[in-house]
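Taken together, the values in this text are just the output of simple stated rules run on the coordinates, not laboratory data. All figures in this text were calculated on a predicted structure; none of them were measured in a lab. Glycine also receives a Cβ, built like all others from the backbone with ideal geometry; neighbour counts cover every protein chain displayed.
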Amino acid sequence: MILVLTSCGSVAEAERIAEALVGERLAACVQIVPMRSVYRWQGAIERAEEWQLQAKTRAALADRVEARIRALHGYDLPEIVLLPVQASADYAVWVAAETGEGR
C-alpha cells in the first residue's frame with residue numbers, strides 16, 4: 001500500500017482529482033486537507049493557500065495514479081509524492097478490494 005500526496009490551488013480542482021481517482025478505482029480513499037504552503041518557484045519565495053490530497057492505493061497502481069494526477073492537474077509541476085505505508089491488515093485488504101485487486 002502507498003500514500004500519494006499532491007497539492008492543488010483550488011478546492012474544485014482537488015475535488016475533481018479526488019473524484020477521478022476514487023471513481024476510476026485508482027485510489028480507495030482520498031482525503032482533502034486545507035493547508036498553507038511556502039515554497040520557492042522560479043527564484044522567488046511564494047505563499048499559497050492550497051489543498052493537499054492524500055490518496056490511499058496499491059503500489060502496483062503508482063504509475064497510473066501519477067499519470068492521472070498529471071493529466072488533471074493545473075500546475076506546471078504538480079507535487080506528486082509516493083510514500084510506502086504499513087497499514088492494519090483489514091484496512092490494507094479494503095484498499096486492495098476498492099482499487100480492483102482480485103476483480
Those residues that are part of a helix (DSSP H, G or I) and either in contact (Cβ under 8 Å) with a residue 40 or more places away in the chain or of a type in the set (D, E, K, R) (or both), I need them from the range 7-21; list them, please. Val11, Glu13, Glu15, Arg16, Ile17, Glu19, Ala20, Leu21
First in the range 77-100 and part of a helix (DSSP H, G or I), second anywhere and surrounded by 14 or more Cβ atoms within 10 Å (Cβ to Cβ) and not basic (Lys, Arg), Cβ under 6 Å, 6 or more apart: Ala92/Met1; Val95/Met1; Val95/Ala28; Glu98/Ala28
